[in-house]
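The structure under discussion appears below in the form of structure tokens.
The values are calculated or read from the model by the stated rules, or taken from the named source; none is laboratory data. Being a predicted model, the structure only gives us computed values, none of them experimental. Here Cβ is always computed from backbone atoms with ideal geometry, including for glycine, and neighbour counts include all displayed protein chains. Ligands, DNA and RNA are stripped out before the accessible areas are found, and what is left, the full protein with its side chains, is counted by its heavy atoms. Shrake-Rupley method; radii C 1.70, N 1.55, O 1.52, S 1.80 Å.
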There are 2 protein chains.
Amino acid sequence: MSLRVDGKRLLRDLAELAEIGRDPGGGLSRTSFTPADAQARAWYAAKCEEAGLTLELDALGNMVAGLPGRHDEPAVWSGSHLDTVPHGGAFDGALGAVAALECVRRLAESGPQLTRPVRAVVFSDEEGNYNHLLGSTAMRRGFSEEELAAMTGRDGDRLVDALDGWPWARGSRTDTRVDPARLHAFAELHIEQGPTLEQQGIRIGVVTSIIGLSGGLVRFHGRADHAGTTPMDARSDALLAAAQFIGAMPGLARASGPASVITTGRVRVQPGGTNQVPELAEVSLDFRDPSRERVAAMLEAIGRSAQEAAAAHGVRAEWHPDEIVDPVPLDEGMRALIADCAADLGLSSIDIASGAGHDSQNMALLTPTAMIFVPSRDGRSHVPVEYTTDEDVVAGADVLLATLRRLADT
Amino acid sequence: MSLRVDGKRLLRDLAELAEIGRDPGGGLSRTSFTPADAQARAWYAAKCEEAGLTLELDALGNMVAGLPGRHDEPAVWSGSHLDTVPHGGAFDGALGAVAALECVRRLAESGPQLTRPVRAVVFSDEEGNYNHLLGSTAMRRGFSEEELAAMTGRDGDRLVDALDGWPWARGSRTDTRVDPARLHAFAELHIEQGPTLEQQGIRIGVVTSIIGLSGGLVRFHGRADHAGTTPMDARSDALLAAAQFIGAMPGLARASGPASVITTGRVRVQPGGTNQVPELAEVSLDFRDPSRERVAAMLEAIGRSAQEAAAAHGVRAEWHPDEIVDPVPLDEGMRALIADCAADLGLSSIDIASGAGHDSQNMALLTPTAMIFVPSRDGRSHVPVEYTTDEDVVAGADVLLATLRRLADT
């Protein structure tokens, strides 16, 4: 009989973690580099210590747990993230991070020693409180001082200020790249965040590819004036331009393609007094498509749309796009292995594409990478009602464990 | 020769006050019930003590300074506010508050005793960090516990929480009405906040009437979803409805009348993650017209527009209008008196209507009320470049002093 995870321990860990950053009204706000994030990391570090695992930190908050004295490489890595969106759920990221830890613990306590070591990783700021996929991008290519200095959060606060005095970081912020020679393979367990597995009654999704995406900020600059004494025609209202721009995004997504999405999730208005004409309106963008070409075309179209809206309202627009994260096909050999492991465990599986971005997207550019999906109730995610059953949590972790073991032993 | 204010002392006071709440990049952020507001009040209280004046507080932060031992009433009142909009200027409110203090001091030190006492008042939250004209409305009609509990600031923070432990308040929050029998008259000195006086080369504006206004909040309620896995057509995006609504406001103002203005100065989006479909979008409204009927018609039209935008995007809208502050004509006898006092001082004056709202609007419903305007450079206000020359500051204060003296002595 194949090795299984300790399901009770795994579920207890997930339940404990779900108490950290809990909102008074339900849901979790464990956004990156906040006190709740620090508390989750302290919890994770304590679990590592309890299991006799070492914990390696980089300067942007990535954490890698492993067995001491087994620093032979390349290693098999698995993991995900502990940060959440504001008012998010208890499974996105947390499942993959905690399951990877459980797998490393289980392999350590079950012996005999495998050919290759297995490591559990926690990536920082996957959800983009400051920069989407911050930690895994830092591992793949690193960031310059200038790039880091320009990253800001929803209140305009700077990442570098948040990192100053942050206890879960160590070393140089620009020296975070991981040598691919340290890696044999990477696997990530995650909730589907869509309805397909649940609707079809399938237990395991073998991810074929991850969507391409980008984002950025459009800033409209108008002129602040008194709301009572400035006639409508004498105004340069930044928010009116932003409103026209935001309203144009759904049409732009539909014109791009049936799988294209554009989201404006955050708006910041300055000065922000109810009796002041807005001087600045800043709009966040998130846009995705399975084709890199369509992501690139949307990036251009968004910039044109911002200029059009600005011109229509006598204000000035700046478009600061993020770099495009390429859509990536996942490793065919690993996909076959995951399907095999699921079948060995008596679990049904299908191939499925990921519409969400994941740290695996960056890892796939460093090493053979695959992802395992488990069902999401009603396909809901990034919300407090995000939910996956205990049975599916444990089944997903068992498939991950079997996959990691086979990768480490061949 | 007529009594004059101590111009040097007045300008020094204004300059000292302009250092409190100063933004690093210039301008003042002395929004109500913040530490900067508390600091300004402490500064004002110290000036009162220095001048031997008593200071009376109510539970919503209104402050009334007077001479001790002269509690005979009715009294002549003058004053304005110390709070500013975010990133505002150093004259709106501050000029009228400091000039009133200077007049009371000057009358006290110049003797002989006048027939009626003169008081200097500071109204709280004129700029509506929580509620536009909060302090003077509290004096005019008071607020219920329910009304106070519903007032929130730009971050959704509640007024009642801000007031808890606030040192510049005393007594019952629902018992703030001022008995009209305490008042003989009210006069407020203020910057014009428009270009008329400067363009015509006139020193003093005698305000004929104050515009009618209202405001409120529209809340659009959609559904939060994952920005990557939720197709465009499956979304209920609250911000898209808000964008359509905001974009409709200028047309609605133009349809109302040539003097109508509508401003959407503040937007709050939740959950606020860049990769989350917005669940809540809250938009602030400020709308004004010299006619009460047109203000009331705009209030209705805004509600209809919110419902239309919500219906177009499959979300729900709530419209929470504020009470309408009626346009008010100012007292004819006091207007004539101000014009007389200006002429005595050799200063040109014209009649002028106020497009901005002022605490005088509430005071006019309690007692004969008038306002004195001085020029605003380029008509700019609610911005860091807001400016009135030293000569105009002192001239306005001299007219105020002469006016208050005549009111107190007849």
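Could you identify which residue out of B:137, B:176, B:152 has the top mean-square fluctuation in a GNM of chain B using Cα springs shorter than 10 Å?
Comparing B:137, B:176, B:152 in the GNM, the peak value goes to B:152.
Sorted from shortest, what are the nm distances separating the label point of residue A:19 from equivalent points in the other copies, each placed 7 Å from Cα along Cα to C-beta?
5.1
With θ set to phi - 60° and the Karplus curve 6.51 cos²θ - 1.76 cosθ + 1.60, what are the ³J(HN,Hα) couplings of the stretch B:337-343 in order, to the nearest whole Hz, using x for Gly and Pro?
Values, residue by residue: 4, 4, 4, 4, 4, 4, 4 Hz.
Using a 1.4 angstrom probe, figure out how much accessible area the stretch B:255-400 has per residue, in square angstrom, rounded to the nearest whole.
35 Å²
List the distances, in nm to one decimal, from the label point of residue A:109 to the label points of the same position in every other copy, shortest first, placing each label point 7 Å from Cα along the Cα-to-Cβ direction.
Copy-to-copy label distances for residue A:109: 8.1 nm.
Once you list every other residue whose beta carbon is under 13 Å from the beta carbon of residue A:162, what net charge do they have if Lys and Arg are +1 and Asp and Glu are -1?
-4
Could you tell me the center-to-center distance, by alpha carbons, between the stretch B:120-193 and the stretch A:1-45 in angstrom?
So the separation of the two Cα centres works out to 45 Å.
Measuring from centroid to centroid over Cα atoms, what is the spacing of the stretch A:267-306 and the stretch B:215-293 in Å?
What the calculation gives is 16 Å, centre to centre.
At 7 Å along the Cα-to-beta-carbon direction for both residue A:158 and residue B:304, put a label point, then send me their distance in nm to one decimal.
Calculated label separation equals 5.0 nm.
On a 0 to 90° scale, report how tilted helix A:35-50 is relative to the longest principal axis of chain A, with both axes built from alpha carbons and the result rounded to the nearest 10.
The answer is roughly 10 degrees.
Please work out the FRET efficiency for the pair residue A:144 and residue A:332, using the Cβ-Cβ distance as r and a Förster radius of 41 Å; give the result to the nearest 0.05.
0.75
Can you pull out the GluC sites (Glu not before Pro) in the stretch A:1-90 whose DSSP state is coil and whose Cβ has at most 13 other Cβ atoms within 10 Å?
Sites meeting the loop and neighbour criteria: A:19.
Once neighbouring chains are kept in place and the probe is 1.4 Å, which whole percent of the accessible area of the stretch A:212-321 is contributed by carbon and sulfur?
It is 51 percent, rounded to a whole number.
Explain nothing, just the number: relative contact order of chain B, from Cα pairs under 8 Å at least 6 residues apart, as a whole percent.
Relative contact order comes out at 23 percent.
What angle, in degrees between 0 and 90 and rounded to the nearest 10, separates the Cα long axis of helix A:390-409 from the longest principal axis of the Cα atoms of chain A?
Orientation of helix A:390-409: about 70 degrees from the principal axis.
For the stretch A:177-225, state which residues have at least 10 Å² less accessible area in the presence of all protein chains than in their chain by itself, taking the probe as 1.4 Å and leaving out ligands, DNA and RNA.
At a threshold of 10 Å² (probe 1.4 Å), the residues of the stretch A:177-225 that become less exposed are A:193, A:223, A:224, A:225.
Would you kindly state how much longer the chain becomes between residue A:113 and residue A:343 on full extension, computed as 0.36 nm times their sequence separation minus their alpha carbon distance, in nm to one decimal?
80.3 nm
Cross-link candidates for residue B:8: which lysines have Cα within less than 24 Å, leaving aside residues fewer than 8 places away along the same chain?
B:47
Any idea what the residue B:2 label distances to the other copies are, label 7 Å down the Cα→Cβ vector, nm, shortest first?
Label-point distances to the other copies, shortest first: 9.6 nm.
If I fit a long axis through the Cα atoms of helix B:238-256 and take the longest principal axis of the Cα atoms of chain B, what angle between them do I get, 0 to 90°, rounded to 10?
Approximately 50 degrees, to the nearest 10.
Going by the alpha-carbon gyration tensor, a ≥ b ≥ c the square roots of its eigenvalues, is the protein assembly as shown rounded (a/c under 1.5) or, if a/c is not under 1.5, prolate (a/b greater than b/c) versus oblate?
Prolate.
To the nearest 500 deg cm²/dmol, what mean residue ellipticity at 222 nm is calculated for chain A from DSSP H runs of n ≥ 4 alone, each contributing -39,500 (n - 2.57), summed and divided by the residues?
Using -39500 (n - 2.57) per qualifying helix, the result is -11000 deg cm²/dmol.
Which order do the peptides B:157-163, A:106-112, A:393-399 come out in when sorted by mean C-beta neighbours inside 10 angstrom, highest first?
Highest to lowest by the protection proxy: A:393-399, B:157-163, A:106-112.
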